[in-house]
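Written below as structure tokens is the structure these notes are about.
The values are calculated or read from the model by the stated rules, or taken from the named source; none is laboratory data. Everything quoted here is computed from the prediction, not taken from an experiment. Here the Cβ positions follow ideal geometry from the backbone for every residue, glycine too, while neighbour counts run over all protein chains shown. These accessible areas exclude ligands, DNA and RNA; they are computed on the full protein's heavy atoms, side chains included. Shrake-Rupley method; radii C 1.70, N 1.55, O 1.52, S 1.80 Å.
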Amino acid sequence: MTEFQKYVQRYLDMIPSGDWLEQLKISGEKTIGIYSNLTEEQSRFAYAEGKWTLKGLLLHLSDSERVFQYRMLAFARGDKNELPGFDENEYADQSFADERSLESLLEEFKLVRKSSQILLDTLHPSALQNTGIANGNEVSVETIGKLIVGHNYHHLNIIEERYLSKLGWM
């Protein structure tokens, strides 16, 4: 198994049920629920030196989802161009998430997730099987959609285990 297949599989394994489109909605609602109950001060918490704050993590979810959306759209529409990877840490370093309000970051996440749902709901079913090359690896539109879900659950687990537990929520 290649490193890319291992990377993909670890996220796919996080999806709790076979209905990944329903899980897209559920994972978004869980994320919104957690962040809606944080104070501005709590949202600036990082569980260790050099780790993202909860604000930074939320913006990472939005940024990553936007990248995944573009890949899905391009491949669904038959684009044959190879798409580059992205460095999540470079994105985070340039995001200035901690200078924004939690409210604005949460609103952005809600809109990005709504956009993903609309894109996936309106793609022709056959387009889900289209493939393209992203970050040097062939991947299908459907797999990218599932990566959004698995990636979200991955970070929900981290939030619960490493952030909320230290904030006394778990």
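Could you list, ordered by first residue, the pairs with Cβ atoms under 8 Å in which the first is in segment 35-49 and open to solvent by less than 40 Å² (accessible area, probe 1.4 Å) and the second is aromatic (Phe, Trp, Tyr) and assigned to a helix (DSSP H, G or I), at least 6 apart or interchain? What qualifies is 35/109; 43/35. In segment 113-143, which residues are in contact with an Asp or Glu (Cβ under 8 Å, 6 or more places away or on another chain) and either more than 16 Å from residue 21 (Cβ to Cβ) or at pLDDT below 95 (or both)? Scanning segment 113-143 gives 131, 132, 133, 134, 136.
Could we say that residue 66 is open to solvent by 30 Å² or more (accessible area, probe 1.4 Å), under 13 Å from the mean Cα position of the chain (by Cα), modelled with pLDDT of 95 or more and not aromatic (Phe, Trp, Tyr) here? Yes, satisfied.
Reported count of residues in segment 6-27, each being among the acidic types (Asp, Glu) and under 14 Å from the mean Cα position of the chain (by Cα), is 0.
Taking the criterion of being assigned to a helix (DSSP H, G or I), of a type in the set (A, V, I, L, M, F, W, C) and closer than 21 Å to residue 123 by Cα, the residues of segment 137-170 that qualify are 141, 144, 147, 148, 149.
A quick yes/no check of all residues on (1) β-branched (Val, Ile, Thr); (2) in contact (Cβ under 8 Å) with a residue 12 or more places away in the chain; (3) farther than 30 Å from residue 42 by Cα:
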position	(1), (2), (3)
92	no, yes, no
96	no, no, no
100	no, yes, no
103	no, no, no
114	no, no, no
117	no, yes, no
123	no, yes, yes
128	no, yes, yes
138	no, no, yes
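Close contacts from segment 59-81, counting a first residue that is free of Cβ contacts under 8 Å to residues at least 40 places away in the same chain and a second that is open to solvent by 10 Å² or more (accessible area, probe 1.4 Å) and not hydroxyl-bearing (Ser, Thr, Tyr), with Cβ to Cβ under 7 Å and a gap of 6+ residues or different chains, come to 67/86.
Scanning segment 120-136 for residues that are out of contact with any Lys or Arg (no Cβ under 9 Å at 6 or more places or on another chain), buried (at least 17 other Cβ atoms within 10 Å of the Cβ) and assigned to a helix (DSSP H, G or I) yields a count of 2.
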